[in-house]
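Visitor: Quick one: the structure is below, and I'll ask about it shortly.
The values are calculated or read from the model by the stated rules, or taken from the named source; none is laboratory data. Please read these numbers as outputs of a predicted model, since none were measured by experiment. Methodologically, a virtual Cβ is constructed for each residue, glycine included, from the backbone with ideal geometry; neighbour enumeration extends over all protein chains shown. Only protein heavy atoms, including side chains, enter the accessible area calculation; ligands, DNA and RNA are left aside. Shrake-Rupley method; radii C 1.70, N 1.55, O 1.52, S 1.80 Å.
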Amino acid sequence: MSGIGSALLNSLDIGLLLFIIAVGLNIVFGVLNIINFAHGALYMLGAYLAFTLINIVGMPFWAALLLAPLGVAILAVLIDRFLLRHIYSRDIADSLLLTFALLLIINESVRMIWGSGIQVVQPPQLLAGSMDIMGSSIPTYSLFVIVMGLALLAGLWFLFNRTRIGRIMRAAALDRDMAEVLCINTRLVVTGVFAFGAWLAAVGGVIAAPMRALDPGMGDKIIIESFIVVVIGGLGSFPGALLGAIILGLIHGVGGRYFPEVNMLLPFLGMALVLLFKPNGIMGKGAAA
Amino acid sequence: MKIKILWALLALVIVGLIAVPWITSYFYIFIFTEILILGLFAASFNLIFGYTGMLSFGHAAFFGIGSYAMALVLIHLEWPFVVGLLLSMGVSALLALIIGFFCVRLNEVYFAMLTLAFGMMVFAIAYQWRSVTNGSDGLAGFSLGSFGLGLDLTLANPAVYYHVVLAIVVIASAVLYLVCRSSFGMILRAIRQNPERVSFAGLNVRTYRLVAFVIAGSFAGLAGGLMAPFLRVASPELLHWSMSAEPILMAILGGTGYFLGPFVGSAVFVLLETWITSFTESWMLVLGIILALMVIFFRKGLLGTVLDWWMEIKK
Amino acid sequence: MMKTRAKKILVALSAAAAMGAVSTSYAEEPIRIGGIYILSGSAATYGEFAKKGINLAVDEINASGGILGRQVEMVYEDSQGKASVAIQAARKLVYSEDVDALVGLDSSGVAQGMVPTMPELQKPLIITHAATPDVTGKLCNAFTYRISVNVAQNMRAAALVAEKLDATNWTTIGPDYAFGHQSWEFFGNYLEELEPDVNLMSETNFPRFGAEDFTPFIDRVMDSDADGVLISVWGGDLVNFVRQANNRGFFEKDLELLFTVGGATEVLSALGDEMPESVHLSTRYWFDGYDNDINARFVKAYVDAYDGPPSYNAEGAYAAIYAYKKAMETVGTADGLAVAKALSGMSIEAPNGTVTFRKGDHQAMVGPNWGISGPMHPEYGIRTLTDLQIFNGEDVARSIEETGCKL
């Protein structure tokens, strides 16, 4: 039990962390039809801001969890207002290119501001240490990640299906002109959704920070992972993002351990297979192919 | 009349390029070789992006495999250079056929994602298949043998190699240009604008896309075959998605609407990188800013903006 | 009237000519050295360390008159960890920036690609970090030197350490690229020579390079029969590994652990007391391990300038600049070919003792440092190394034949 059980639990843990990080990318695509290449950079920014708040300013983890994503969201609003608004009406290639430019800018800025060294953020006291689950010792923080991931899923479902804001976002996603006619301020919705996506990326960064060493390359590592999650699960579907994340977590955990010669290939193979047989993803209802 | 002026300018540019080893410093021979090779790579990409409207994020797979093919030929078989190039083109065309077959059935972002996935799969294979590709270290230490075709050229001399590259790139570009100008090219442009209408006209859109994809792939492989001896190494980063991003950037910088746009983009990119890295380590920041400005304000690219303006004035 | 004026002009002109002659005298042209390191991305910290070490050396040398009476200038290029970028960067440094010599290379892949091009460039290269054995082996050439320890040397020492331990079943956890595989291969071969009945397990662990999660591999080793583990994970990956291993209780198991690059300062300072005690850590240079004047001065200068102890990368780069100083002063010129020849067989006094570039393969005869992690250092927030063994370069080096180098 211990071997497979802890492998599965570990995959769940990696998967849910990936879900938290990647779901923002999914939402931005689903509502705005924009692939935000800078998503990984925003995640990294969230982690580094948390590092500054926790290690340098001395705030507790929970305060950083509140403030760092807000900071990134504000930056996202500025990015939207000054840069993205020029290309919203253009085709999707332009959003890929512009957000790629942002990725370059944010990456280098992070290195210039925080330096190249490896940084470490400690988990909060409450979540430090391990618990004994079914014979294996699981770090408490991993359980926290799982709980947070599920809470986020529930929260998002509630937001999109039961609240007015959620309905507005879905309306704007389906038919922007119609939404305008119905007096919905689509400009505001667009800014809001982009900022929300950035906020989610940064939340992912803060939550990931105690689990991952921080370095200026962490954004690049995560963006391809996020793409894979979102493609496998379905562009535009966030329960799909969860499924995609867990599948990727399994591929890494199981593949890494049992198929080492091809472990680099497997995630991309998975991505390709999904795109070939179920392009909308396993659960997706995104833009038609 | 205006068109004739442009052709004259192009001829002038080519003469200038031929004269590079005599009119610039030694280092610029290497720079211009790189510009030409990457320009061909970017032009091949533009066949599928600018002309056919498909954004591929895995074009480096063909470029890289061309490099590896050439490297393997030089290390294990020691065949003449020209034969190596033909092999690079053949191998990359084959790979493009396989990958393209699966990709052209998808649209837009799905196409982009699938090409990304395939590109990274090729990268992963090169990175992990140590026995053939030497894994992360890449293939190095090969020497340049004979050119082939009965011509006795010292390929190891950078100026000679530069001229060889120039000749090959000019010929390849001419061929590619003819393809773009042909009725086939016109259909590709129609597909970019409205694929449904083209298919209603009775043409199989997928087949056209696939053919374009294979042609583009083979020219990318040719560029890759030229790159390996130039760098003296074939390493996995030539297959990575960040390498696939380069022709995209160059096509945007120069302008996707004109055939020579990607070449202009390549020149601008390489020259900027060379100059800016002399002053700062934050080249990526500068590149990001320039790219952002280009996408927002000069979407037609440098050459695109200039040529459009030129065509407008002096009516 | 005219005559006087003409005379004045003549005098003025000749004075100007004389001054011009003085100011363009050859002796004032600086000696330029090019540095190619990783300056961006995840591993940018290594390039930064090298620059810190180099800048210290350059400042010291310039303050005491420079090399051959000329000031030293550094020009850096970012290799981005890519061979293709590094080769163009080297060409730029040599042909456009007119450097007299090169130092550099963090990444072994980059070194493999770049070293064969050195004879074309006709300038000497001293590698200060990249550890692939091939560059002073089958890829060796007249212009390439290495001042730092290579994988073969480090693994020989690791095998000597392992021999004395009680473990018989050995496995590895290493990054899935050349470095991880080569480390295990060399270690295994050397250990079998020393301890013929050692069991090198077929179940090995190579997480992908840059993997963020090592838990499956940690669990796998803990579940297996292994009682000795060679860990060649490094940098940010090692930081993640150790923290996750702590969570899994890896260090409570009765395992002999050899961390081949565990004594690196960037890893130790990131981990603080999360790095466990009583594990074997290696580094190519441990700042506290050398009791000589040069080291004392170097460490003090480094700490004063940068607030922490020097890493092996900084020390290697620092020593390389001094190696060039000695070579250039020996032959009285900065000419590439002459300097390259002068380095062969040359010895210098570096912070890590007397370092000699062996004639047969241009590899410095230096040994790695292996120690056992001990209590926290009072000032620097990192673990100290106890039971430090500084291996003799000659003892751990391969024979020239073994390297495959034919100079």
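Visitor: Please tell me if A:VAL110 is among the aliphatic types (A, V, I, L, M) and farther than 30 Å from B:ILE289 by Cβ. Even if it seems obvious, please write down each step before you answer.
Guide: On the way: among the aliphatic types (A, V, I, L, M): yes; farther than 30 Å from B:ILE289 by Cβ: no.
So A:VAL110 fails the test.
Visitor: Name, by its number, the condition in (1) closer than 17 Å to C:ALA50 by Cβ; (2) open to solvent by less than 10 Å² (accessible area, probe 1.4 Å) that does not hold for C:HIS129.
Guide: Exception for C:HIS129: condition (2).
Visitor: Moving on. Among the residues of segment B:62-77, is any away from chain C (no Cβ under 14 Å) and outside any helix (DSSP H, G or I)?
Guide: No, every residue in segment B:62-77 fails to be away from chain C (no Cβ under 14 Å) and outside any helix (DSSP H, G or I).
Visitor: Among (1) away from chain C (no Cβ under 14 Å); (2) touching a Pro at 6+ places or on another chain (Cβ under 7 Å); (3) assigned to a helix (DSSP H, G or I), there is one condition B:ALA126 misses while meeting the rest; what is its number?
Guide: (1)
Visitor: What residue, among those in segment C:187-226 that are of a type in the set (Phe, Trp, Tyr), buried (at least 22 other Cβ atoms within 10 Å of the Cβ) and within 26 Å of the chain's Cα centre (by Cα), is modelled with the highest pLDDT?
Guide: Going through segment C:187-226, the residues of a type in the set (Phe, Trp, Tyr) turn out to be C:187, C:190, C:206, C:209, C:214, C:217.
If we keep only those that are buried (at least 22 other Cβ atoms within 10 Å of the Cβ) as well, we get C:187, C:206, C:214, C:217.
Those left that are additionally within 26 Å of the chain's Cα centre (by Cα): C:187, C:206.
Numbers: C:PHE187: 95, C:PHE206: 90.
So, considering only residues that are of a type in the set (Phe, Trp, Tyr), buried (at least 22 other Cβ atoms within 10 Å of the Cβ) and within 26 Å of the chain's Cα centre (by Cα), the one modelled with the highest pLDDT is C:PHE187.
Visitor: Go through the residues of segment C:223-243 one by one and say whether even a single one is without any contact (Cβ under 8 Å) to a residue 24 or more places away in the chain and assigned by TED's automatic domain parsing to the domain that holds C:ASN169. Spell out the reasoning first.
Guide: Our first condition is that a residue be without any contact (Cβ under 8 Å) to a residue 24 or more places away in the chain; within segment C:223-243, this holds for C:223.
Next, from what is left, pick out any that are assigned by TED's automatic domain parsing to the domain that holds C:ASN169: C:223.
Scanning segment C:223-243, I find at least one residue that is without any contact (Cβ under 8 Å) to a residue 24 or more places away in the chain and assigned by TED's automatic domain parsing to the domain that holds C:ASN169, so the answer is yes.
Visitor: Another one. What's the number of the only condition in (1) at the interface with another protein chain (Cβ under 7 Å from one of its Cβ atoms); (2) open to solvent by 10 Å² or more (accessible area, probe 1.4 Å); (3) part of a helix (DSSP H, G or I) that A:ARG212 fails to meet?
Guide: Result: A:ARG212 passes all but (3).
Visitor: Please tell me if C:TYR76 is at the interface with chain B (Cβ under 10 Å from one of its Cβ atoms), under 20 Å from C:GLY53 (Cα atoms), touching a helix residue (DSSP H, G or I) at 6+ places or on another chain (Cβ under 8 Å) and part of a strand (DSSP E or B).
Guide: Working: at the interface with chain B (Cβ under 10 Å from one of its Cβ atoms): yes; under 20 Å from C:GLY53 (Cα atoms): yes; touching a helix residue (DSSP H, G or I) at 6+ places or on another chain (Cβ under 8 Å): yes; part of a strand (DSSP E or B): yes.
Against the criterion (at the interface with chain B (Cβ under 10 Å from one of its Cβ atoms), under 20 Å from C:GLY53 (Cα atoms), touching a helix residue (DSSP H, G or I) at 6+ places or on another chain (Cβ under 8 Å) and part of a strand (DSSP E or B)), C:TYR76 qualifies.
Visitor: Within segment B:276-303, which residues are facing another protein chain (nearest Cβ under 7 Å) and either part of a helix (DSSP H, G or I) or in contact with a Lys or Arg (Cβ under 7 Å, 6 or more places away or on another chain) (or both)?
Guide: Listed by number, the residues that qualify are B:THR277, B:MET284, B:LEU285, B:LEU287, B:GLY288, B:ILE289, B:LEU291, B:ALA292, B:VAL295, B:ILE296.
Visitor: Every residue in segment A:108-144 that is under 30 Å from C:ALA50 (Cβ atoms) and either assigned to a helix (DSSP H, G or I) or acidic (Asp, Glu) (or both), please. Don't jump to the end; show me each part of the working.
Guide: Just the residues of segment A:108-144 that are under 30 Å from C:ALA50 (Cβ atoms), to begin with: A:108-122.
Across segment A:108-144, the qualifying residues are A:GLU108, A:SER109, A:VAL110, A:ARG111, A:MET112, A:ILE113, A:TRP114.
Visitor: When segment A:239-263 is examined, which residues are found to be surrounded by fewer than 23 Cβ atoms within 10 Å (Cβ to Cβ) and in contact with a Lys or Arg (Cβ under 9 Å, 6 or more places away or on another chain)?
Guide: A:ARG257, A:PRO260, A:ASN263
Visitor: Could I ask something else about it? Find all pairs meeting these conditions: Cβ atoms under 6 angstrom apart; at least six residues apart or on different chains; first residue within segment A:217-238 and more than 10 Å from chain C (Cβ to nearest Cβ) and open to solvent by 10 Å² or more (accessible area, probe 1.4 Å); second residue of a type in the set (A, V, I, L, M) and assigned to a helix (DSSP H, G or I).
Guide: Once the first residue is more than 10 Å from chain C (Cβ to nearest Cβ) and open to solvent by 10 Å² or more (accessible area, probe 1.4 Å) and sits in segment A:217-238, its partners that are of a type in the set (A, V, I, L, M) and assigned to a helix (DSSP H, G or I) give A:PHE238/A:VAL23; A:PHE238/A:LEU156.
Visitor: crowded, with 21+ Cβ neighbours inside 10 Å and among the β-branched types (Val, Ile, Thr) - does that describe any residue in segment C:237-246?
Guide: Yes: one or more hits.
Visitor: In segment B:134-188, how many are within 14 Å of another protein chain (Cβ to nearest Cβ) and farther than 25 Å from C:LEU139 by Cα?
Guide: As a first pass, look at segment B:134-188 and keep what is within 14 Å of another protein chain (Cβ to nearest Cβ): B:134-144, B:154-162.
Now restrict to residues that are farther than 25 Å from C:LEU139 by Cα: B:159-160, B:162.
Residues in segment B:134-188 being within 14 Å of another protein chain (Cβ to nearest Cβ) and farther than 25 Å from C:LEU139 by Cα: 3 in total.
Visitor: Let me ask something else. Considering segment B:251-275 alone, what residues qualify as being within 12 Å of chain A (Cβ to nearest Cβ) and either surrounded by fewer than 20 Cβ atoms within 10 Å (Cβ to Cβ) or not polar (S, T, N, Q) (or both)?
Guide: Step one: of segment B:251-275, the residues within 12 Å of chain A (Cβ to nearest Cβ) are B:251-253, B:256.
Result: B:ALA251, B:ILE252, B:LEU253.
Visitor: So which residues in segment B:221-237 are within 14 Å of chain C (Cβ to nearest Cβ) and within 12 Å of the chain's Cα centre (by Cα)?
Guide: Let us first name the residues in segment B:221-237 that are within 14 Å of chain C (Cβ to nearest Cβ), namely B:223-224, B:226-237.
Hits for segment B:221-237 are B:ALA223, B:GLY224, B:LEU226, B:MET227.
Visitor: Follow-up question, since we're still on this one. Sort through C:SER84, C:SER64, C:SER107 and tell me the only one that's open to solvent by 40 Å² or more (accessible area, probe 1.4 Å), in the same structural domain as C:THR330 (by TED's automatic domain parsing) and not charged (D, E, K, R). Steps first, please.
Guide: Working: C:SER84 fails: open to solvent by 40 Å² or more (accessible area, probe 1.4 Å); C:SER107 fails: open to solvent by 40 Å² or more (accessible area, probe 1.4 Å).
Answer to the check: C:SER64.
Visitor: Please enumerate the residues belonging to segment C:267-286 that are open to solvent by less than 10 Å² (accessible area, probe 1.4 Å) and within 16 Å of the chain's Cα centre (by Cα).
Guide: C:VAL267, C:SER282, C:THR283, C:TYR285, C:TRP286
Visitor: Further question: Scan segment B:11-32 for residues that are within 19 Å of B:LEU176 (Cβ to Cβ) and either surrounded by 11 or more Cβ atoms within 10 Å (Cβ to Cβ) or polar (S, T, N, Q) (or both) and jot them down.
Guide: To start, the set of residues in segment B:11-32 that are within 19 Å of B:LEU176 (Cβ to Cβ) comprises B:11, B:13-14, B:17.
Residues satisfying the conditions are B:VAL13, B:ILE14, B:LEU17.
Visitor: Also, quick follow-up: For residues in segment A:82-109 being under 19 Å from A:ALA172 (Cβ atoms), over 20 Å from the mean Cα position of the chain (by Cα) and more than 7 Å from chain B (Cβ to nearest Cβ), which is most open to solvent (accessible area, probe 1.4 Å)?
Guide: Only one residue fits best here, namely A:ARG85.
Okay, residues lined up against (1) of a type in the set (Gly, Ala, Ser); (2) at pLDDT 95 or above:
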position	(1), (2)
B:MET227	no, yes
B:LEU231	no, no
B:ALA267	yes, yes
B:THR277	no, no
B:THR280	no, no
B:MET284	no, no
B:LEU307	no, no
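Visitor: How about segment A:35-47: which of its residues are buried (at least 24 other Cβ atoms within 10 Å of the Cβ) and either in a helix (DSSP H, G or I) or hydrophobic (A, V, I, L, M, F, W, C) (or both)? Steps first, please.
Guide: Here is the first cut: in segment A:35-47, the ones buried (at least 24 other Cβ atoms within 10 Å of the Cβ) are A:36, A:38-47.
Correct list: A:ALA38, A:HIS39, A:GLY40, A:ALA41, A:LEU42, A:TYR43, A:MET44, A:LEU45, A:GLY46, A:ALA47.
Visitor: If the Cβ limit is 8 Å and pairs must be 6+ apart or interchain, which residue in segment C:198-218 that is assigned to a helix (DSSP H, G or I) pairs with which residue that is at pLDDT 90 or above and among the aliphatic types (A, V, I, L, M)?
Guide: C:PHE217/C:ILE173; C:ILE218/C:ILE173; C:ILE218/C:ALA245
Visitor: Continuing with this model, one more query. Against the definition (away from chain B (no Cβ under 14 Å) and under 30 Å from C:LEU39 (Cβ atoms)), how does A:ALA41 come out, yes or no?
Guide: Values: away from chain B (no Cβ under 14 Å): no; under 30 Å from C:LEU39 (Cβ atoms): yes.
No, not satisfied.
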